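K.L.:
Structure in structure tokens, see below.
The values are calculated or read from the model by the stated rules, or taken from the named source; none is laboratory data. Bear in mind that the values here come from a model prediction, so they are computed numbers and not experimental data. Note that each Cβ is placed from the backbone with ideal geometry, even for glycine, and that neighbours are counted across all protein chains shown.
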Amino acid sequence: MDFLNKIYYHNTILEWLIALGIILGGVIAAKLLYWFTSAVMKKITAKTKTKLDDLLIDKLEKPVIFIVIIAAYYWSISYLNFPNNGLENLLFKLATFALVIDITWLISRTLDAVVEEYVVPITKKSESDFDDQVLPIMRKGIRAVIWIMGIIIGMDNLGIDITAMIAGLGIGGLALALAAQDMVKNIFGGIMIFLDKPFKIGERIQIDGFDGTVEEVGLRSTRVRTLEGRLLIINNSTFSDNTVVNVSAEHTRKVVLNLGMTYDTTPEQMQQSMDILKEIVIAHPAIETEDASIGFNAYGDFALGILFIYRIKKEGDILQTQTEINLEILKRFNAEGLEFAFPTQTIFKKEMA
């Protein structure tokens with residue numbers, strides 16, 4: 001027992017062991033609390049009608065566990081004796097800073113759970129897509145404000161002069177502005193996207209050689225899923241500097257088809273060919289009949305040209321419609337004995353006397 005009563009750094013070995021035991025006890029209590037919420041509380045909340053309690057348990061589980069560990073650390077410090085008040089104050093300030101950050105984390109997650117349960121369903125039910133685009137930015141902005149306030153309060157408890165720090169930022173403001181000009185440009189680009197609405201989430205766009213579907217619009221960048229399935233992150237300033245093609249906004253898809261008939265084709269057969277094309281257009285439900293154009297437009301090097309222009313309705317399957325039209329042309333023309341031309345040459349040989 002004499003060994004336990006020996007003093008090291010102004011505390012007996014027994015006191016050091018008790019302080020360590022308090023911390024270990026806090027960790028064990030945190031583990032037990034984690035098990036209890038996972039094995040018991042989540043099963044209870046899963047049976048309730050509302051999803052808010054499930055979200056709160058899921059999001060607040062870790063912050064609450066860390067509070068238990070911080071409380072154990074605070075208690076262990078209080079149990080020990082420190083002759084140097086400066087060291088003791090620093091240890092208590094670190095505990096307070098950790099507690100402020102943990103409470104900030106808890107508030108941020110609580111707010112996120114409330115938004116997920118009550119606000120998100122409202123935006124999904126609304127007809128406008130504007131709130132669907134603005135909500136993610138608002139959530140990130142509110143979280144950023146909460147964390148900034150929490151860090152400022154925590155640093156203030158550490159004894160850091162926040163006023164002097166802000167004044168110091170003013171001195172380096174010019175350098176910061178120069179370094180952040182691209183970020184500011186991207187933010188203004190994001191604001192212009194929300195104001196001009198060149199596209200919405202879920203629409204297909206083409207820009208700067210890329211083609212894909214918009215998944216998320218942020219303040220700094222926009223996420224686009226390309227046709228190959230890759231995720232593309234585009235700076236919002238790109239939309240200000242380049243032309244954006246909104247493929248989803250097109251009312252119809254224009255298809256231009258050049259058909260070449262052999263020079264053996266008679267005028268009657270040419271007219272028959274164009275009549276068949278008109279019949280195909282009228283019969284297909286996905287084609288805008290009024291916008292179709294058919295004409296004998298060219299005497300080519302080896303073919304008589306027929307220009308066939310039609311437009312596919314927005315709700316129609318573009319690739320499938322073109323396949324059906326092309327197959328129908330091939331079937332009808334073959335059935336009527338109308339021949340398509342292919343590159344040929346006729347060579348006349350003159351006999352030398």
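K.L.:
Regarding GLY316, is this residue touching a Gly at 6+ places or on another chain (Cβ under 8 Å) and touching a residue at least 12 places away in the same chain (Cβ under 8 Å)?
P.N.:
No: the conditions fail for GLY316.
K.L.:
Is at least one residue of region 258-271 under 30 Å from ASP196 (Cα atoms) and part of a helix (DSSP H, G or I)?
P.N.:
Scanning region 258-271 turns up no residue that is under 30 Å from ASP196 (Cα atoms) and part of a helix (DSSP H, G or I).
K.L.:
Write out, first by first residue and then by second, each pair whose Cβ atoms fall under 7 Å of each other, whose residues are 6+ apart or on separate chains, and whose first residue, in region 215-228, is hydrophobic (A, V, I, L, M, F, W, C) while the second is part of a loop (DSSP other than H, G, I, E, B) and surrounded by 13 or more Cβ atoms within 10 Å (Cβ to Cβ).
P.N.:
VAL217/ILE201
K.L.:
Now a separate question. Looking at GLY229 and the list (1) surrounded by fewer than 17 Cβ atoms within 10 Å (Cβ to Cβ); (2) in a helix (DSSP H, G or I), which single condition is not satisfied?
P.N.:
(2)
K.L.:
Ok, one more. Can you tell me how many residues within region 206-216 are surrounded by 15 or more Cβ atoms within 10 Å (Cβ to Cβ) and farther than 13 Å from THR238 by Cα?
P.N.:
Adding up the residues that qualify gives 5.
K.L.:
Moving on. Looking at (1) part of a strand (DSSP E or B); (2) modelled with pLDDT of 90 or more, which is the only condition LYS254 fails?
P.N.:
(2)
K.L.:
Being at pLDDT below 75 and of a type in the set (A, V, I, L, M, F, W, C) narrows it down to one of PHE36, PHE3, PHE66, so name that one.
P.N.:
When all the criteria are applied, what remains is PHE3.
K.L.:
Continuing with the same structure: Might you let me know whether region 329-347 holds any residue that is under 30 Å from SER248 (Cα atoms), hydrophobic (A, V, I, L, M, F, W, C) and at pLDDT below 90?
P.N.:
Looking through region 329-347, none of the residues is under 30 Å from SER248 (Cα atoms), hydrophobic (A, V, I, L, M, F, W, C) and at pLDDT below 90.
K.L.:
Quick one: is SER78 touching a Lys or Arg at 6+ places or on another chain (Cβ under 6 Å) and either modelled with pLDDT of 75 or more or over 18 Å from ILE146 (Cβ atoms) (or both)?
P.N.:
no
K.L.:
Any residue at all in region 334-350 that's surrounded by 13 or more Cβ atoms within 10 Å (Cβ to Cβ) and either assigned to a helix (DSSP H, G or I) or touching a His at 6+ places or on another chain (Cβ under 7 Å) (or both)?
P.N.:
No: zero hits.
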